Each structure stands twice: as C-alpha cells, then as structure tokens.
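Visitor: One structure, pasted below without further comment.
The values are calculated or read from the model by the stated rules, or taken from the named source; none is laboratory data. Since this is a predicted model, take the numbers as computed values, not measurements. FYI the Cβ positions are ideal-geometry reconstructions off the backbone, even for glycines, and counts take in every protein chain you see.
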C-alpha cells in the first residue's frame, strides 16, 4: 500500500480500517470519519513538524495500537471529537511511548464520554493505570492485558464501575481476584498463551526495569 494516501475525496466515508498495511505516513483523512483503525503499523510515525493531522470531530472509535504514534499526535487526532463529546472507544496499547516521568494528563487525552479503553501490552503497573482511568469517569470496558497490574487494581477497576475487563497474560493477577470481579458482575477475560506464565515477557529482567 502506498505510504501516502489521500482519502479526502471520499466525502461520505465514516469507517476506515487501514490496519496491517505497512503504512509509515498518516493518510490525509476525510473529516467525516467515525471509525478509524491504524493499528499494527509499527512503522507509522507522525512528525508534527512534517504534517498536520486532519481534525476528526465525529470520531467515535480510534485505534492506533502497535504504532509509533506519539502522545502529542494522539491528542491532536482525538481532541476535536472529545470536545464534541463523540469519542467512545480509544485503543492505544502496545506503543513504546509511555513514560512514568510525566503526568498522565500529558500522555493521555482526558474524556468525559469515553466508555472503552485499551492499554494492552503497555509498560505500566497498578499506580499508573489507576491514574490513567481517572481521566475517564464513564469508562466501563478496560483492556489491560499483558500489563503488570495486580489484584489490587482489579478491585479498584470494579469499584469504579468497570463491567468488562481483559486481564489476559496479566501474570500478577491471581485467579482469586478474577473470581471476585466476576462475582461482582464484571465480565473478565483471563487467559494465558503459555502454560508456564513465568516464561512471559514480564518476568524478564528487561521488563522488571520498568516497574
């Protein structure tokens, strides 16, 4: 697929999925979009000095998982729809942009309307995740699979009104915490791709350096 795509001629386009297309540059997008999936394009990086992303005030779902999109660009792409109260689903996991050195409000765009958030495979622990979800008071569906959250955070999630949790590959969450959450009525995904969880990334010395 070409590196530069101009989709502005599609003046009625609302749904655009260009995941897994080896994009390295952000397409020129129509302002009519309600759904945009840029996921699984690891080479996709947007330099603010190079191009100004299109404003998307109608956007309801945005996915930039497994890309190199920075927090600044994420904010530019989502803030128009957040301001209009339209953004409902934000899938931004598996990006090597998270840092514990700055406030979460500088990394993540706050939203009063967001209901679904994915932070899958981000290098974050309980404290950071709990700070992040404070930005989203109406959040009900949370994906923290592959992160370093524990049962302490799971309890907090449910107490804050989460009704759907993805805890796959969360090696520090016990089955007791999962059973407790399910007993409170939450839908919980909790699976491991390997029989021995201690072989997972999070048990490596590299991963532990981020905790």
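Visitor: Tell me, which helices (runs of 4 or more DSSP H) lie completely within segment 59-149 with 3 or more residues that are crowded, with 18+ Cβ neighbours inside 10 Å?
Guide: 71-83, 126-133
Visitor: I'd like the full set of residues that are closer than 13 Å to residue 185 by Cα and surrounded by fewer than 22 Cβ atoms within 10 Å (Cβ to Cβ), limited to segment 150-159.
Guide: Once the filter is applied, which keeps residues that are closer than 13 Å to residue 185 by Cα and surrounded by fewer than 22 Cβ atoms within 10 Å (Cβ to Cβ), segment 150-159 yields 155, 158, 159.
Visitor: Looking only at segment 160-180, filter to residues that are touching a strand residue (DSSP E or B) at 6+ places or on another chain (Cβ under 8 Å) and more than 18 Å from residue 127 (Cα to Cα); which one of those is surrounded by the most Cβ atoms within 10 Å (Cβ to Cβ)?
Guide: Selected residue: 178.
Conditions (1) touching a helix residue (DSSP H, G or I) at 6+ places or on another chain (Cβ under 9 Å); (2) at pLDDT 95 or above, marked per residue:
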| residue | (1), (2) |
| --- | --- |
| 153 | yes, yes |
| 178 | yes, yes |
| 181 | yes, yes |
| 188 | yes, yes |
| 193 | no, no |
| 197 | yes, no |
